[in-house]
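> After the structure tokens below, expect a handful of questions from me.
The values are calculated or read from the model by the stated rules, or taken from the named source; none is laboratory data. In this text, all values refer to a predicted model and were calculated from it rather than measured experimentally. All Cβ positions, glycine included, derive from the backbone under ideal geometry; neighbour counts span all protein chains shown. To get the accessible areas, we keep the full protein, side chains included, count just its heavy atoms, and leave off ligands, DNA and RNA. Shrake-Rupley method; radii C 1.70, N 1.55, O 1.52, S 1.80 Å.
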Amino acid sequence: DIVALANCVLAQTCSDNGCAADLNVDGAYNVMDIVALANCVLAQTCSSARMADSALSIDDATEAKFVIKNDNEMTIEGNGIISGVQLTLKHSSNFTIAMTDRAFLADYLTVGNETRLLVINPETEALFSYEGNFEITEAIVANSVGEISAELPVVGTFSISGAYPNPFNPTTQLDY
């Protein structure tokens, strides 16, 4: 059930399939529904009743921050347990991605120059490694109850090279 729901979220076909898996009853099919389903399966507490009234666990994260490491690795840091991440990336055609193998479920779907990915119950901060450039166009981070705020990565450093050729006449070049 979890894999089927993850596949329809990645492909954005849940509503087309008549899927009744909007477990948090927010009108959308996303990582929060997968987290709710995974939690009920793992705890063996699934029933026909909706699971939107769950209580926040003391260990649940309330905020998160995405970090891009120098070795082309996307990580997420939180102030507690992060149960799920859903990202949509826009990128060039030479972009490649390798998902973490340290999660309950980690998968992605690329269509053209857009990749949608899910990481459910990550065991580490590492989400994926990549080659190429990308932009995050959508991000949803969930704890065991619902969506939490997440800070997107920003460029950490800027630099500018010296002018060359130096001396110059009539033009020069600077790299930044």
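> All but one of (1) surrounded by 17 or more Cβ atoms within 10 Å (Cβ to Cβ); (2) under 10 Å from the mean Cα position of the chain (by Cα); (3) under 21 Å from Ala36 (Cα atoms) hold for Val145, so report the exception by its number.
Condition (2) is where Val145 drops out.
> While we're looking at this one, here's another question. Quick one: what pairs do we get from region 139-166, first residue modelled with pLDDT of 90 or more, second in a strand (DSSP E or B) and among the basic types (Lys, Arg), C-beta under 8 Å, 6+ apart or different chains?
Correct list of pairs: Ala150/Lys65; Glu151/Lys65.
> Can I ask one more? Quick check: is even one residue across region 120-135 β-branched (Val, Ile, Thr), surrounded by 11 or more Cβ atoms within 10 Å (Cβ to Cβ), part of a strand (DSSP E or B) and modelled with pLDDT of 95 or more?
The answer is no, given that none of the residues of region 120-135 is β-branched (Val, Ile, Thr), surrounded by 11 or more Cβ atoms within 10 Å (Cβ to Cβ), part of a strand (DSSP E or B) and modelled with pLDDT of 95 or more.
> Working only within region 113-140, note down all residues that are closer than 13 Å to Val67 by Cβ, within 12 Å of the chain's Cα centre (by Cα) and of a type outside the set (Gly, Ala, Ser).
Once the filter is applied, which keeps residues that are closer than 13 Å to Val67 by Cβ, within 12 Å of the chain's Cα centre (by Cα) and of a type outside the set (Gly, Ala, Ser), region 113-140 yields Glu125, Leu127, Phe128, Ile136.
> Moving on. Can you tell me which residue within region 52-79, out of those that are open to solvent by less than 30 Å² (accessible area, probe 1.4 Å) and of a type outside the set (A, V, I, L, M), is modelled with the lowest pLDDT?
Step by step, filter region 52-79, then rank; the result is Asp60.
> Another question about this same structure. Say whether the condition of being closer than 19 Å to Gln86 by Cβ, of a type in the set (S, T, N, Q), open to solvent by 30 Å² or more (accessible area, probe 1.4 Å) and touching a residue at least 24 places away in the same chain (Cβ under 8 Å) is met by at least one residue in region 104-118.
No, that holds for no residue.
> Can you tell me which of Tyr176, Tyr164 is over 28 Å from Asn94 (Cβ atoms) and open to solvent by 40 Å² or more (accessible area, probe 1.4 Å)?
Tyr164
> Given the residues Ile82, Ile68, which is the only one that is touching a Pro at 6+ places or on another chain (Cβ under 7 Å) and over 30 Å from Asn24 (Cα atoms)? Quick ask: steps written out before the conclusion?
On the way: Ile82 fails: over 30 Å from Asn24 (Cα atoms).
Checking each option against the conditions leaves just Ile68.
> Still on this model: Restricting to region 80-103, name every residue that is open to solvent by less than 60 Å² (accessible area, probe 1.4 Å) and either within 17 Å of Leu37 (Cα to Cα) or in contact (Cβ under 8 Å) with a residue 40 or more places away in the chain (or both).
Residues of region 80-103 that are open to solvent by less than 60 Å² (accessible area, probe 1.4 Å), as a first pass: 80, 82-89, 91-92, 95, 97-100, 103.
Of everything in region 80-103, those that are open to solvent by less than 60 Å² (accessible area, probe 1.4 Å) and either within 17 Å of Leu37 (Cα to Cα) or in contact (Cβ under 8 Å) with a residue 40 or more places away in the chain (or both) turn out to be Gly80, Ile82, Ser83, Gly84, Val85, Gln86, Leu87, Thr88, Leu89, His91, Ser92, Ala103.
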